[in-house]
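Before any comments, here is the structure.
The values are calculated or read from the model by the stated rules, or taken from the named source; none is laboratory data. No experiment lies behind these values; they were computed from the predicted model shown. Here the Cβ positions follow ideal geometry from the backbone for every residue, glycine too, while neighbour counts run over all protein chains shown. Note: areas computed on protein heavy atoms with side chains; ligands, DNA, RNA excluded. Shrake-Rupley method; radii C 1.70, N 1.55, O 1.52, S 1.80 Å.
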Amino acid sequence: MWLLNSSIGRKLIMSISGIFLILFLLFHMSMNVAAVFSEEAYNTICEFLGANWYAVVGTLVLAAGFIIHIIYGLWLTLQNRKARGNDRYAVNATPKGVEWSSQNMFVLGIVILGFIVLHLSQFWYKMMFAELTGNVSVTLGDTFVSPADGAAFIKYYFSNIVFVILYLIWYVAIWFHLTHGFWSAIQTIGWNNRIWMNRWKCISNIFATIIFLGFAIVTITFYIKSLA
Amino acid sequence: MDKTINITLKVWRQRGPQEKGAFQTYQLEGISVDSSFLEMLDILNEKLINEGQEPVVFDHDCREGICGMCSLYVNGHPHGPDEDVTTCQLHMRKFHDGETITIEPWRSAGFPVIRDLMVDRSAFDKIMQAGGYVSVNTGGVPDANSIPIPKPDADEAMESASCIGCGACVAACKNGSAMLFVSAKVSQFALLPQGRVEAARRAKAMLAKMDELGFGNCTNTGACEAECPKNVSITNIARLNRQFISAKLKD
């Protein structure tokens with residue numbers, strides 16, 4: 001199967017799964033921004049995405065996307081280290097025009113993955129997972145809340161400066177990952193030429209920044225609200 | 001009288017493919033800034049021979065940036081710190097008095113060291129043999145303009161064909177990938193009507209060979225393009241990806 005046996009095939013899977021995850025981020029960011037304007041609206045979305053069959057199917061597809069992206073990332077990285085050989089250069093200089101993120105995608109991926117584990121344990125585990133196991137209320141600090149009360153979760157976690165900073169670091173890692181990942185995915189599919197190269201890179205930067213700002217605004221807004 | 005500089009060289013010495021190599025330091029005095037980098041190495045080797053030592057082995061041939069034979073990873077850059085030139089076109093005026101210059105061979109699993117600074121780049125020949133040609137014998141030179149080719153296509157093909165196969169892209173790539181080389185060679189044919197006929201087969205065959213020989217997977221860092229002495233663009237890689245994917249989808 002050429003998707004597994006050839007380097008371009010493997011990269012194509014990395015590219016498609018990456019674009020899929022990018023689209024998910026866009027959705028997740030849009031949904032979060034709703035919470036800034038109306039907590040009720042946000043909770044409506046949370047209810048919609050609870051233990052309903054379509055939300056569960058969506059979650060499974062999403063999890064598959066993540067797992068494929070991670071496994072392929074690991075596989076490609078190991079192959080590339082092998083291709084690089086055991087002998088390393090004594091003197092290394094990064095050539096002009098090479099983005100820092102492009103050479104550290106794997107490290108950024110590990111950082112992002114670490115935060116995903118934290119994020120899932122804080123939100124998903126107590127929300128969708130709790131609903132699936134039939135819990136009608138979960139503990140959040142000293143209080144009990146409904147697993148569908150997403151706004152309560154945001155308010156609780158983002159009132160803690162430690163989590164706010166950790167989440168902001170996470171968004172920065174995602175920003176770096178996306179600035180390279182977006183245009184690189186397009187390049188791998190082959191939709192690129194001399195004119196579009198710079199356009200895609202520019203679109204990547206803008207897109208990554210929009211995603212970053214969307215997530216960051218929610219986090220910061222709720223922290224400021226918690227101070228008041 | 002020319003301006004001269006004194007330099008310290010840290011040169012990778014390795015007696016054979018299986019033996020362990022190490023850096024050796026040499027002092028050179030009174031090197032003219034007008035001499036080329038390889039002339040400087042010639043001076044070093046003459047000195048070593050006169051002292052009864054083994055000269056440093058390095059690849060070179062035309063010394064005018066066409067043949068793709070010279071290599072050398074100089075101070076962290078394939079073909080040295082100057083832009084868009086091969087090592088043989090690099091001059092000592094790019095270095096300053098008292099500088100330590102580190103010279104290493106290309107390092108990549110696909111390019112094993114033969115001796116000192118010389119590496120085995122026959123993997124590129126094998127990739128070319130897998131499909132880097134037009135297989136129909138077309139006889140003598142056809143009349144000019146008997147096959148009309150748009151000027152932009154001709155220019156693009158010419159730029160892709162400027163790849164001299166030196167291997168700097170592989171040397172610069174953190175993934176040891178040969179995609180810039182393969183994509184340039186695929187593009188130079190695919191852009192012209194004579195080569196387009198076999199384009200799909202060529203892309204598949206050359207890429208399969210590249211993978212088989214253990215080169216890495218491209219992650220689009222662009223280090224190859226930045227270090228390429230001929231400025232071959234990574235848009236060639238996009239073209240190869242496009243051709244390979246559409247060829248496989250048609251199968």
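Counting only other chains, and only Cβ atoms inside 10 Å, what mean value do you get across the residues of B:186-197?
0
Got a sec? What order do A:I8, A:I110 fall in by accessible area at 1.4 Å, biggest, i.e. largest, first?
A:I110, A:I8
Could you tell me the extents of chain A's C-alpha atoms along the three principal axes, largest first, rounded to whole Å?
Extents along the principal axes, in whole Å: 56, 40, 36.
Within 10 Å of each candidate Cβ there may be at most 12 other Cβ atoms; applying that plus a DSSP loop requirement, which chymotrypsin sites (Phe, Trp or Tyr not before Pro) in the stretch B:1-108 survive?
In loop regions of the stretch B:1-108 (DSSP not H, G, I, E or B), there are no sparsely surrounded chymotrypsin sites (Phe, Trp or Tyr not before Pro).
Please give the residues from the stretch A:1-24 for which the solvent-accessible area of heavy atoms, probe 1.4 Å, is smaller by at least 50 Å² with all protein chains in place than with the chain isolated.
Flagged in the stretch A:1-24: A:W2, A:S7, A:I8, A:K11.
Quantify, in whole percent, the carbon and sulfur part of the accessible surface of the stretch A:56-131 (1.4 Å probe; protein heavy atoms only).
Its accessible area is 72 percent carbon and sulfur atoms.
Find, to one decimal place in angstroms, the Kirkwood hydrodynamic radius of the stretch A:48-110, where the mean of 1/r is taken over every pair of different Cα atoms and then inverted.
15.0 Å
Ignoring ligands, DNA and RNA, what accessible area per residue does chain A give at 1.4 Å, in Å²?
52 Å²
Please report, as a whole percent, how much of the solvent-accessible surface of the stretch B:122-250 comes from carbon and sulfur atoms (probe radius 1.4 Å).
55 percent
Given the Cα atoms of the stretch B:4-115, and with Rh set as the inverse mean 1/r over their pairs in the Kirkwood sense, what is Rg to Rh to two decimals?
Computed over Cα atoms, the ratio is 0.94.
At 1.4 Å probe radius, can you tell me the per residue accessible area of the stretch B:54-120 in Å²?
37 Å²
Just to confirm, what accessible area per residue do you get for the stretch B:122-250 at 1.4 Å probe, in whole Å²?
41 Å²
Can you give the direction-averaged projected area of the convex hull of the alpha-carbon atoms in the stretch A:146-196, in nm²?
Value for the stretch A:146-196: 5.7 nm².
Over the alpha carbons of the stretch B:122-250, what is the largest minus smallest coordinate on each principal axis, giving the biggest first in Å?
Cα extents, longest axis first: 45, 29, 28 Å.
Tell me the total accessible area that A and B bury against each other, 1.4 angstrom probe, in square angstrom rounded to 100.
Buried surface at the A/B interface: approximately 3500 Å².
In whole percent, how big is the carbon plus sulfur part of the accessible area of the stretch A:138-201, probe 1.4 Å, protein atoms only?
Within the stretch A:138-201, the accessible surface is 69 percent carbon and sulfur.
Among the residues of the stretch B:215-248, which ones have their accessible area go down by 40 Å² or more when all the protein chains sit together, as opposed to their chain alone (1.4 Å probe)?
Those are B:N217, B:N220, B:T221, B:I234, B:T235, B:A238, B:N241, B:R242, B:F244, B:I245, B:K248, which lose 40 Å² or more relative to the chain on its own.
Which value, to two decimals, describes the C-alpha radius of gyration of chain B once divided by 2.2 N^0.38 Å?
1.13
Could you please report the charge total around B:E19, scoring K, R as +1 and D, E as -1 over all other residues with beta-carbon less than 12 angstrom from its beta-carbon?
Local charge sum for B:E19: +3.
Just to compare against my own numbers: the Cα pair-distance distribution for the stretch B:110-192, 10 Å bins, whole % per bin, please.
Going out from 0 Å in 10 Å bins, the stretch B:110-192 shows 15, 40, 28, 13, 4 percent.
Can you give me the three principal axis dimensions of the protein assembly as shown from its C-alpha atoms, in Å, biggest first?
Projected onto its principal axes, the Cα set of the protein assembly as shown covers 87, 59, 40 Å.
Looking at chain A, which longest stretch skips every one of the trypsin sites (Lys or Arg not before Pro) that is in a DSSP loop with at most 16 other Cβ atoms within 10 Å, leaving the sites themselves out?
Counting only loop sites that pass the neighbour cut-off, the longest clear stretch is A:97-228.
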